[in-house]
Amino acid sequence: MASTTLNPPPAPVSGGPRSAPRRTRARAGEATAAAWMISPALALFLVFLIVPIVLAFALAFTNARLISPNPPEFTGLDNFALLVTDPVFWASVRNTFYFAVVVVPVQAGLALLLAVLVNAKVRGTRFFRTVYFLPVVTSMVVVSLLWRFMYEDDGLINKLLQALTLGRFTPVDWLNDPDWALPAIMLMSVWQGVGFTMIIWLAGLQTIPAELYEASELDGAGTWQQFRYVTWPGLLQTRTFILVTITIAAFSLFTQISVMTQGGPLDSTTTVVYQAVRSGYEQLQTGYASAISLVFFLMVLTVSLVQRRLSRERG
Amino acid sequence: MSAMTSSSTHTHTHTRRGRTHAVLVTAVRSVLVLFFALPIVFMLMSSLKPDQQIFADLGSWRAFLPVGEISAANYAGVFDRVPFARFLLNSVVISGLTVALGILVNSMAAFALARLRWRGRGLVLGLVLATLIVPFETLALPLLWWVNKLPSFEADGFTLAFKQGWLDTYQVQIVPFVANAFALYLFYQYFDSIPRELDEAARIDGAGWFAIYRRVVMPLSGPAIATVAILTFLPAWNSYLWPLMVVQSEELRPVMIGLQYFFQLDTSWGQVMAYSSLITIPVVALFLAFQRSFINSIASSGVKG
């Protein structure tokens, strides 16, 4: 109303019977405008997000093939029956969990250490932050190739370890050793992703008021006590977000496997997503791949719901 | 007197503690710098050396230094082996259009959700946010089957020919990634924080809703636009699984797929490193130029989570 007096509209507002239909017309205009503005996004979501989600569910119960003259036929639970008897699928589930169980805490912990280090009021912060972040802007394909080269039998890592131990280190053929291949990929994945997580921790650290640190210092708290009683509780929201996002990313492990090991040696690095792509794309079995995707989706959903519940209870 | 002494000793220990603290922090930071920087330095240095020398240098610090036979021969080899300019152009077009269309489509939708009142908007917003936990990898295969069924038109001289399937086109690398729930949400949050009095004032001046979007809200949303641009550019530029599945023709391939060319016949690691450097340097340059925006955009993605 204040703005009406400052900037009078052409027609005088007389109140009473005229303003009510005017407002409804304005409301209708608002809804029409909203419909126009939101429809491009909704149409795209429908075609490229909702339809594929529905298809992932529907095709999982058919024998659909990527290139086939025949329409898909309903085959019930056949794909799932095949899935549970496939030892490679179970290996892929095991590897996916192994990868996530190691990478999630290691990446979150190292990222928190980096964030605390970068947040310390010591000169050079910008330089260090930039360097820690560089692997993030390097594509995962490039990173995977680079590390594949470094992990070779007579590659950089073995040669450096030998030089540093004066020849006492026995070279390991990292990516061709079933015990070492997945851990080697874990190390590389943490190296690439930790800078991203560091920035999210940093944003969380900067929301903690400086007065809390000053007050705890006056109370004589040491560095560790400050971290335990000020920093850690202050990061509750950030923690949940980081946990959920790294877990989903870890479960989705694909590029590294595709570039570095193709699932080998002896299926020791195959993952659920890699299996889905292998059967759906290389073997053209869309139905079977959709069944794997569906199981994967349920895995991610369960884990993120459990994580949310747990962090809510603790908080 | 005694009070003064005690306070001065306190400051003394405090600064000494502060100095050891600073030394410790710098030491740990520096060790970590080696861990993060050395692989990238190794890539850049190897791109300048012939293969024989790369292998000879592996066991010493020479691997990280531009010493020995330094030349641009690997880079010349890259240009002989792959149509690099074409791949680069494709990647620029694909990621550029994905980012530009994404900013337009997602910001308009976010405007409708954040600033216009209509029935069901809470439901629509909730549904959009729910899709955030679906990783693209789960949808890639059903989506591949589906885009192969979509109708498409092919320009053949002056006539448009109907063709089934989107495989092997530019649009299949762009259109599915334009609408983005995460980008929409970032815009929504930002628009929600802009005072609504601005809309009312513009309404009274006779502006329509689209004009308010274009002339009032968008010009105030620079940081949100930068955030969305960066967070949608990186996956578009780095995209690998999707183009691997949907593109066959050489002239439609983005830069990441070009890496495969180096493993077909005799692999020259020097050339692999040169090509890797070529496709990494533009992104690193963008990062260094817009570092503040990069950092802020990632930070803003997490805080509200």
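For the protein assembly as shown, the residue among A:PHE196, B:PHE55, A:ASN79 whose Cα projects farthest onto the positive side of the dipole built from Cβ charges is A:PHE196. Largest GNM mean-square fluctuation across B:SER276, B:SER193, B:SER152, computed for chain B with C-alpha springs under 10 Å, falls on B:SER193.
Residues whose amide H falls under 5 Å from that of A:THR62, counting only those 5 or more places apart or on a different chain, are A:THR75, with hydrogens built in the peptide plane. Here segment B:110-153 and segment A:108-183 have alpha carbon centers that stand 37 Å from each other. Each stretch of four or more DSSP H residues adds -39500 (n - 2.57); spread over every residue of chain B, this sum gives -21000 deg cm²/dmol at 222 nm. Counting only aspartates and glutamates at least 8 places from B:LYS163 when in the same chain, those with an alpha carbon closer than 14 Å to its own are B:GLU154. Scaled against 2.2 N^0.38 Å for its residue count N, the alpha carbon radius of gyration of segment B:112-239 is 1.36. Based on the Cβ-Cβ distance of A:THR165 and A:THR207, what FRET efficiency does E = 1/(1 + (r/R0)^6) give at R0 = 51 Å, to the nearest 0.05? Efficiency, from the Cβ-Cβ distance: 0.70. Measuring max minus min along each principal axis, the C-alpha atoms of the protein assembly as shown give extents of 96, 94, 50 Å (largest first).
Convex hull volume of the C-alpha atoms in segment A:26-166, normalised per residue: 304 Å³.
Which of rounded, prolate, oblate describes chain A, given a ≥ b ≥ c as roots of the alpha-carbon gyration tensor eigenvalues and a/c under 1.5 marking rounded, otherwise prolate only if a/b is larger than b/c? Oblate shape, in that a/c is at least 1.5 and b/c is the bigger or equal ratio. Shape summary: chain B maps onto an equivalent ellipsoid whose semi-axes, from the alpha-carbon gyration tensor, are 41, 39, 16 Å in decreasing order. Result for chain A in a Gaussian network model with C-alpha springs under 10 Å: among A:ALA181, A:ALA276, A:ALA43, the largest mean-square fluctuation is at A:ALA43. Overall dimensions of segment A:69-137, expressed as equivalent-ellipsoid semi-axes from the Cα gyration tensor (√(5λ), whole Å, largest first), are 47, 16, 8. Structure remark: mean-square fluctuation, Gaussian network model of chain A, C-alpha springs under 10 Å; the largest value among A:GLY155, A:GLY287, A:GLY264 belongs to A:GLY155.
We did not get these values from a lab; they are worked out from the coordinates using the rules stated. Keep in mind it's a predicted model, so treat the numbers as computed, not measured. No Cβ is skipped: glycine too gets one built from the backbone with ideal geometry, and neighbour counts run over all protein chains shown.
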